[in-house]
Amino acid sequence: MKRKIIPYKPRLKELARQLRNNSTLAEVLMWQELKGKKMRGYDFHRQKPIDEYIVDFFCAKLMLAIEIDGLSHEIPEKFSKDARRQKRLESLGIRFLRFHDLEVKKDMTYVLRAIDNFIDQCENEEFKEHTPNPSQEGN
């Protein structure tokens, strides 16, 4: 799978640094599970600037953004803003997994299993892309 480079607005770099320095408990707990290629050898970044936005966690190889939604995401204005943001990033080929703050805090096993299942799907898609079609051989 060829890695796609997605530019970002340079002004977001400092904001991302501030967000990393002021992480929520759920973000800290999630980062403990993702950092250092702990998740099946995949490299994740936290508070990653992409395009005009910053995502909580991002793996370029999987083109996967992981978002942790707290109570502020339940406000209608924030919900619609998140939906527009996600739609824009999906148009760039990024896929999303979203978890509620409480899921991360209270059921990390479920969260990690969901990420693991997503990675299985990605790896199966990649395997299918690189496997020759036997019906085409010899033609």
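Screening the candidates GLU67, GLU33, GLU27 for the property of being closer than 24 Å to CYS122 by Cα, more than 13 Å from the chain's Cα centre (by Cα) and either modelled with pLDDT of 95 or more or among the basic types (Lys, Arg) (or both) yields one hit, GLU33. Suppose the filter is in contact with a helix residue (DSSP H, G or I) (Cβ under 9 Å, 6 or more places away or on another chain), among the aromatic types (Phe, Trp, Tyr) and modelled with pLDDT under 95; does PHE79 pass it? Here the answer is yes, as PHE79 does meet what is asked. Only a single item in (1) outside any loop (DSSP other than H, G, I, E, B); (2) of a type outside the set (Phe, Trp, Tyr); (3) surrounded by fewer than 10 Cβ atoms within 10 Å (Cβ to Cβ); (4) modelled with pLDDT under 85 is not met by ASN139, and it is number (1).
Note on region 1-101: enclosed strands (runs of 3 or more DSSP E) holding 3 or more residues that are surrounded by 13 or more Cβ atoms within 10 Å (Cβ to Cβ) and of a type outside the set (A, V, I, L, M, F, W, C) are 45-50, 95-100.
The values are calculated or read from the model by the stated rules, or taken from the named source; none is laboratory data. Quick caveat: nothing in here was measured; it's all calculated off a predicted structure. Cβ sites come from the backbone with ideal geometry, for glycine too, and all protein chains shown count toward neighbours.
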